[in-house]
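The values are calculated or read from the model by the stated rules, or taken from the named source; none is laboratory data. All of these numbers come straight from a predicted model, not from anything done at the bench. Virtual Cβ from ideal backbone geometry, glycine too; neighbours counted across all protein chains shown. What goes into the accessible areas is simple: the full protein's heavy atoms, side chains included, and nothing from ligands, DNA or RNA. Shrake-Rupley method; radii C 1.70, N 1.55, O 1.52, S 1.80 Å.
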Amino acid sequence: MNDVLGLAQQLRTEAQAVRAALVESQRRLRAEYESSTRQGGARAFLAGRARAVDDSLKRLWRLLPIGREAALIAVGGYGRRMLYPYSDVDLLVLVPDGLAALDSAQIEEFVGVVWDIGIEPGHAVRTIAQCLDEAARDICVQTTLLETRLIAGRRSLYAEFESAVRAMLDPQAFFKGKRLEQSVRHTRFQETPYSLEPNCKEAPGGLRDLQLIRWVAKAAGLSVHWPALGQSLQLLDAECGQLARVERFLEHVRIRLHCLAGRKEDRLVFEHQEALARALGVAPKGARRASEVFMQIYYRNAKQVEQLNTTLLQAIGAHIFPKRVDAPVALDEHFQMQGELLDVRSEDVFEREPAAILESFLHMQRHSELKGMTARTLRALWRARRRIDPAFRHHPVYRAQFLELLKSPRGIVHEFRRMNRYGILGRYLPAFGRIVGQMQYDLFHVYTVDQHILQVLRNLRRFTMPEHAHEYPFCSRLMSEFDRHWLIYVAALFHDIAKGRGGDHSKLGMRDARAFCRAHGIDREDSDLVVFLVEHHLSMSQVAQKQDISDPQVVAAFAKHVKSERRLTALYLLTVADIRGTSPKVWNNWKAKLLEDLYRMTRGLLTGAPTPVLHGVNERQEEARSLLRRFGLREGVEASFWAELDTVYFLRHDADDIAWHSRILYGRVAPDEPIVRARMSDICDGIEVMVYLHDRPRLFLQLCGFFGRMGYNIVDVKVHTTRHGYALDSFVLMNGNSWLGSRSALTLIEHDLTETLRANGPPMRPAEGRSSRQVRHFPITPEISLIPDERGAHHLLSITASDRPGLLYRIAETLADNRVNLHTAKVTTLGERAEDVFLVSGDSLTHTQTLLRIEQSLLEALQA
C-alpha cells in the first residue's frame, strides 16, 4: 500500500511539469499549423500532436515499477499518428499473464494522472490471450489491433503480441467483414455524402472510407502508403495523386472543424460552415456565400473518395481472393462479363466508341447477374466523361440510349446514381451538372439539389416495385395503372434542375424540360405532360396544405388547373415523391391525407364520379344521419343541435366529424360547463380534439397555450361559432410526446383541458425552447399576406417564417390583441420552415390603417 501511495505522489509531482510541457507543445503546434502554407501541414500537425502525447506518456510510464514488464501501446488513430485536436487518445496496456493486484493499482494511478495532465484516454488493460479472444468475436477490435505501435515498456511482449495478431488475422474474412461494416455505416447516412450537414469522418466519401482501404490493404500484406499501394495494385499515377489530395483536404477540414467547435465534432454543421470556409481560404463567388462555395468543394472531394473507395476495394479484393479461372463471357463487341462484374474488352473502348459510354449502363440494367463494374471499366468511364460534348448530346443514337435508360424495367436508380458519381449524368445534362453539390438553404431539404432529385427518382421507382407496395399502396396502385410512367421520371429529373439560377426555378426548369423533350423526340402530348409537371410541381402541395379543400370552389379551381385525370395522377405521384425526398422529417400521415383527399375529390370532378367529400350540405347531413343510426341513435335526435349550426359548418366538416359532434352534443346544446372530447384519428398518427363551450374572448389563444404546454403540435384547426353563441372548435394534434396516441393521453387531455377552461384563467404561454441550428444560422425572413376573399367577408392570412416552439401561440396572441376572429387554420411545417394559412374576420380588417398595424404586429411577433 505504501508503495502505491509513494508512486501516486511521484506521478503527481511529475504530472505538473508534464502538463505544462504538453500544453506548450500543443500551443506551438497549432500556431505553426495555422500559419503554415504548406500542403503537408495537416499531416505534420497530427503527427506532432501524437509525438507530444508520446513524450508525456513516456515520462509518466517510466515511474511505474510494472513499466518494465508491461507494454504501453497506442491504438486506433493515435496508433497511426493521426491525433486530431479533440480525438480520444486510445491506449492498450498490455500485461503478462497473472497480473497482481498491486500491478493493477499502479495502472489505475497511471490512468488517473493521464487524465490530470489533460489527455482523455480510451484505455483497456489486456493480456495477449484476452486481445485475441475479443478480436475473434469483434471485427472492430481486429481493426484496432491492426493499428498499434509501442510507446513504452517491454518490447519482447509487444513483439509477441504483434506476431499473434498477424497469425490470427484472416485477410479474406476481414475483407468481407469490413465491406459489410461499410455498407451498414453508409446506410446510416442514407448512402449519400450529400446531406447538408455531412459527417466528414463517418459518412460516405469521408475519412473512414479512405481508412478502410488502408485497413484491408494492411490485412492483405500490402503497403498502406498510397504510392506503394498504387504500384502493387497497378493504379495510375493520377489516382495515387488523387488519393493523397482528397485525404489531405479531409484532414484539413476535420482539424479546422475540431478547432472551431472546441470539441470533438465531425459534422459540418451550419454554424461552422462559414467560418470553416474562411479558415480554409475559400472566398465568396458572386451571389454565393463562402460556405456554399466550400460545401460544393467538399462534395466534389467526397465524390472522388467514393470513386476511389470502389476502385481500390475491388482491386484489393482481387488480390486477396483466388482469381477465377472462368474465361470472361462476351456480351458484345465492347463488353464482357468478368465474374459478376461488367468489364470493357479494351480500355480505350470509350475513346474509340463513345456510344459504349451509355451502353455500359444499359448492360447493367439488362443483366441482373451483374453486381458492378470492374475497376478498369470505372476508370475508363471517368476518363471518357469529357467525350460527352455538344456533338455527343445531339447524336440521335445517344439520345435514344438515354431514353432507354429511363424506360428500363429495372436498375434505373442504381445506374443514374452511378452516372452521377462518375460525372456522366452532369456531362449529358449540363443543367444537372451545374446543381451537383449545390446547397439548399430552405430549412426543409436535407440533401443537395442533385441528391434530392435522385431521391425523388428513387421514390417514384419504389411506387412500381411490388416489394415496396406496402409503404404507399395507393401510390403503387396508381403507378401500376399509369401508362408510360417513365415520363414522370423525366419530370423528376427537371423539377428542381434550375435551382440557384435566380428567378422562378419552376419556370426555368420547364423550359429545360421542353427543350429536352423536343430534342429527344417525345411526342406533343407526352411533352406537354412533362412540361406541366415541372412547371406546376409545387401546386398540389400548396393547394392541399394552404387552402381549404373542403370548399368545393377550391377543388373546382384545382380541377380546372390540372384539366385531366392523367395530369392529376402524375402530379399527385410526383408531389408525394418530392415531399418524401426533401427530408425524413417532412412527410407525415397528415400531409398524406390532405394530398389524397385533394386527389380523390379532384378526380371525382374530372371524371364525373360521385365523390362523397364534395357533397353539398344535404348529402353530408344525410350521411351523418346514417352514421348516427349505426350508433343506435333514434331518428331526429340531432335536430336541436343542428338547428344552431349554419351552412358553413356543414361545408367545413365531413360527415364523420358531424356525426361525432352530434353524438356528443345532441342532448347538451347549451351546457353550462365546457365539453371536451378527444379521439385517436383514423386518418393520421394523431389526436382529434373537440371543444364546446360558450364563446368568449381569447379562447383560441387559451387553447393554443394549453396544447403547446402539453407538447403537442397543432396541424389543423376549425373554429366555429353557433347561432346561439357557443364555440365549437376542432383540432388535429400531431408529433407531440411518444404517448400522443395512447388512451391515457386522451383521458388526460379531456380532464385537464376541461379544468383549464372551467377555471377560465389568463392564457398560459407555452415554453419557448431553443431554435434549431438551421434556424439560428439560416433564418427565414418572415412573410405575411393578408388579403380579402372574393366576397369580402373574410381575409386570408398567409404566414411564412422559421418554425420554433411557441410560434402559433405568438400568432394567436397577436390576432387576439387586435380583435381578429379566427375561423380555420392550416398549420404546415416543412422541416424548419412554417407555412401557415388562416381564415380570419373582424372589423379591424376593414380599414387600411388597422390592417397595416396588424401586419406590423405579426412581423414583430414572428421576429421576437
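General observations
- Projected label points at residue 523 and residue 627, each 7 Å from Cα along the beta carbon direction, are separated by 4.5 nanometres.
- Gain in span if fully extended, residue 672 to residue 9, counting 0.36 nm per residue against the direct Cα distance: 230.8 nm
- Residues of region 212-250 with amide N under 16 Å of the 7 Å Cα→Cβ point at residue 179: 212-220
- Accessible area per residue, Å², region 297-376 with all protein chains present, probe 1.4 Å: 43 Å²
- Burial order of peptide ranges 652-659, 279-286 (average beta-carbon count within 10 Å, highest first): 652-659, 279-286
- Taking every alpha-carbon pair under 8 Å whose residues sit at least 6 apart, region 181-338 reaches a relative contact order of 24 percent.
- For region 323-423, GluC sites (Glu not before Pro) are listed when DSSP marks them as loop and at most 16 other Cβ atoms sit within 10 Å of their Cβ; the list is 333, 340, 347, 369.
- At R0 = 22 Å, FRET efficiency that the Cβ-Cβ distance of residue 758 and residue 664 yields, to 0.05: 0.80
- Peptides 592-600, 452-460, ordered by how many other C-beta atoms sit within 10 Å of their residues on average, highest first, read 452-460, 592-600.
- For region 128-238: relative contact order, % (alpha-carbon pairs under 8 angstrom, 6 or more apart): 20 percent
- Compared with the direct C-alpha span, the chain from residue 202 to residue 751 gains 192.8 nm at full extension, assuming 0.36 nm per residue.
- Residues within the reach of a label modelled at residue 507 (point 7 angstrom out along Cα to beta-carbon, backbone nitrogen below 17 Å), restricted to region 401-441: there are none.
- From helices alone, the chain scores -17500 deg cm²/dmol at 222 nm; the rule is -39500 (n - 2.57) for each run of n ≥ 4 DSSP H residues, then divide by the residue total.
- Averaged over its residues, region 107-183 has an accessible area of 50 Å² per residue, based on protein heavy atoms and a 1.4 Å probe.
- Taking all pairs of distinct alpha-carbon atoms in region 159-238, Kirkwood radius in angstrom: 14.3 Å
- Of interest is the spacing of the C-alpha centroids, which for region 190-239 and region 51-118 amounts to 29 Å.
- Label-point gap, in nm, between residue 557 and residue 353 - each point 7 angstrom along Cα→Cβ: 5.8 nm
- Within region 1-146, the proportion of Cα pairs with more than 25 Å between them is 34 percent.
- Net lengthening on full extension, residue 696/residue 538 (0.36 nm per residue, minus Cα-Cα): 53.0 nm
- Computing FRET efficiency as 1/(1 + (r/R0)^6) for residue 44 and residue 19, where r is the C-beta to C-beta distance and R0 is 30 Å, gives about 0.80.
- Expressed per residue, the C-alpha convex hull volume of region 561-662 stands at 129 Å³.
- When a 1.4 Å probe is rolled over the protein heavy atoms, the share of accessible surface on the chain that falls to carbon and sulfur comes to 50 percent.
- A crude spin-label estimate for the pair residue 263 and residue 30, with each label 7 Å from Cα along the Cβ direction, gives 1.6 nm.
- Correct option for percent of Cα pairs over 54 Å apart [calculated from the coordinates] among [x] 29; [y] 19; [z] 52: [x]
- Cα gyration tensor shape for region 406-555, rounded if a/c is under 1.5, else prolate or oblate: rounded
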